[in-house]
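The values are calculated or read from the model by the stated rules, or taken from the named source; none is laboratory data. Remember, it's a predicted structure, so these values are computed and weren't measured experimentally. Because the Cβ atoms are built from the backbone with ideal geometry, glycine has one as well, and the counts that use them run over all protein chains shown.
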Amino acid sequence: RTFMFSSPTILAVTPEACKQVLMDDEGFVTGWPKATVTLIGPKSFVNMPYDDHRRIRKLTAAPINGFDALTTYLAFIDQTVVATLRRWSSPESGEVEFLTELRRMTFKIIVQIFMSGADDATMEALERSYTDLNYGMRAMAINLPGFAYHRALRARRKLVSVLQGVLDGRRAAAAKGFTRSGVMDMMDRLIEAEDERGRRLADDEIIDVLIMYLNAGHESSGHITMWATVFLQENPDIFATAKAEQEEIMRSIPATQKGLTLRDFKKMRFLSQVIDETLRCVNISFVSFRQATRDIYVNGYLIPKGWKVQLWYRSVHMDDQVYPDPKMFNPSRWEGPPPKAGTFLPFGLGARLCPGNDLAKLEISVFLHHFLLGYKLTRTNPKCRVRYLPHPRPVDNCLAT
């Protein structure tokens, strides 16, 4: 029991407690801090009532999950990764901030999926603003110059302005009878979506959903890709096993096939274990927030109505009763049956499970596949400090050659 973000709060630190809270949509609603709700958007998933969340999630999850959806994006992801690695490895590149460049790469991918056809100026404007936005999301909501929240509010206003401009352009083109070529992207789907009463989403609803997805879709993927690469480089035996698997996959690909397919992705069993172990060790989303709708018992402990619950995923993932020697990077621990519900929570659990988890793992796998087969990361400051907010990262953003 504690008092955090101006609210009486209970910390849930065991798999059983986290599972109960996450699976009980009647007893608990979202309870994110004011800064997060304001910055991501009051009409995004972080603040959306259950029925609205279910409707918008159904609309937005299908285009980024499942065999057909992932097949649609795989070629673009593969081409983007290959081109990016070639650019980084050129003699002209010199030292690069590996994390910064990965975030740019994953941002390019997610923008293509959600707002295909966005020009470079639009992408650069969005990317710059997201950096400031993220630093403010877990800060105290102090709107004074010099504070992270103040800078983040300014960044949100820029994001809203850019997205509103794109949205206005889409609506104006549709009014004139112009149709866009190619597959519908997420913005198209949100514009055309109707509920059972024929009501369409307002612009502020569409913008909040886009801000949420664009942020989640590049931040977590970029950071996990960086840490997975670092862990592989630091563990030569694991690197060798992962590389051998990718070489075997390459030998099985027909000469007539261009690029990777989802069948190849499904064969990356050890690489999937590497990614899961990275997710467990790094804990990009280390905490989630709920609020009790009534007096409710969790593991025999009474949580009063209106109290917040913080779900500490990091505590679960570092529990030595669940994961022996939890600080060791050991992908082999994922061999065998899947983990019990509540013991592995990188994407949450229940009705509010992250809808983009399959897409994220696909992006990370494609990058690591190509990296293992032809590249090496040499860090400039391998012992540099790690900063944990808003996400764990080396303070030099993994400066490397």
- What single numbered condition from (1) touching a Lys or Arg at 6+ places or on another chain (Cβ under 8 Å); (2) crowded, with 19+ Cβ neighbours inside 10 Å; (3) not in a loop (DSSP other than H, G, I, E, B) fails to hold for residue 291? (2)
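Rundown of residues vs (1) modelled with pLDDT of 95 or more; (2) among the acidic types (Asp, Glu), yes/no style:
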position	(1), (2)
300	no, no
313	yes, no
333	yes, no
345	yes, no
358	no, yes
- Query: Could you say which residue among 313, 323 is in contact (Cβ under 8 Å) with a residue 12 or more places away in the chain, touching a Leu at 6+ places or on another chain (Cβ under 6 Å), among the aromatic types (Phe, Trp, Tyr) and crowded, with 17+ Cβ neighbours inside 10 Å?
  - Reply: 313
- Item | segment 1-17: number of residues that are touching a strand residue (DSSP E or B) at 6+ places or on another chain (Cβ under 8 Å) and buried (at least 17 other Cβ atoms within 10 Å of the Cβ) | 5
- Which numbered condition residue 209 fails, given (1) without any contact (Cβ under 8 Å) to a residue 60 or more places away in the chain; (2) β-branched (Val, Ile, Thr); (3) surrounded by 11 or more Cβ atoms within 10 Å (Cβ to Cβ): (1)
- Considering residues that are on the phi < 0 side of the Ramachandran plot and either in a loop (DSSP other than H, G, I, E, B) or touching a strand residue (DSSP E or B) at 6+ places or on another chain (Cβ under 9 Å) (or both), the number found within segment 342-368 is 11
- Item | Whichever residue in segment 271-288 is among the β-branched types (Val, Ile, Thr) and in a helix (DSSP H, G or I) and, among such residues, is nearest to residue 17 (Cα to Cα) | 282
- Kindly indicate the residue of segment 165-206 that is among the aliphatic types (A, V, I, L, M) and surrounded by fewer than 12 Cβ atoms within 10 Å (Cβ to Cβ) and also farthest from residue 285 (Cα to Cα) among those meeting that condition. 175
- So, of the residues in segment 129-154 that are part of a helix (DSSP H, G or I) and touching a Lys or Arg at 6+ places or on another chain (Cβ under 8 Å), which turns out to be surrounded by the fewest Cβ atoms within 10 Å (Cβ to Cβ)? 135
- Search segment 73-86 for residues being surrounded by fewer than 14 Cβ atoms within 10 Å (Cβ to Cβ) and over 12 Å from residue 108 (Cβ atoms), and hand back the single one that is farthest from the chain's Cα centre (by Cα). 86
- When segment 327-341 is checked residue by residue, the ones that are of a type in the set (A, V, I, L, M, F, W, C), within 17 Å of residue 15 (Cβ to Cβ) and assigned to a loop (DSSP other than H, G, I, E, B) are 341
- Any chance you could count how many residues in segment 297-323 are part of a loop (DSSP other than H, G, I, E, B) and in contact with a Lys or Arg (Cβ under 6 Å, 6 or more places away or on another chain)? 1
- Within segment 166-188, is even one residue of a type outside the set (Phe, Trp, Tyr), in contact (Cβ under 8 Å) with a residue 60 or more places away in the chain and in a helix (DSSP H, G or I)? yes
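Yes/no matrix, rows are residues, columns are (1) of a type in the set (A, V, I, L, M, F, W, C); (2) under 22 Å from the mean Cα position of the chain (by Cα); (3) at pLDDT 85 or above:
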| position | (1), (2), (3) |
| --- | --- |
| 123 | yes, yes, yes |
| 171 | no, no, yes |
| 178 | yes, no, no |
| 197 | no, no, no |
| 205 | no, yes, yes |
- Considering every residue within segment 372-388, establish whether at least one is farther than 21 Å from residue 233 by Cβ, crowded, with 19+ Cβ neighbours inside 10 Å, at pLDDT 90 or above and not charged (D, E, K, R). no
- Search result, residues across segment 262-275 that are within 16 Å of residue 359 (Cβ to Cβ) and surrounded by fewer than 21 Cβ atoms within 10 Å (Cβ to Cβ): 262, 265, 266, 272
- Note on the structure: Only one of (1) basic (Lys, Arg); (2) over 18 Å from residue 388 (Cα atoms); (3) modelled with pLDDT of 95 or more does not apply to residue 327, and that is (2)
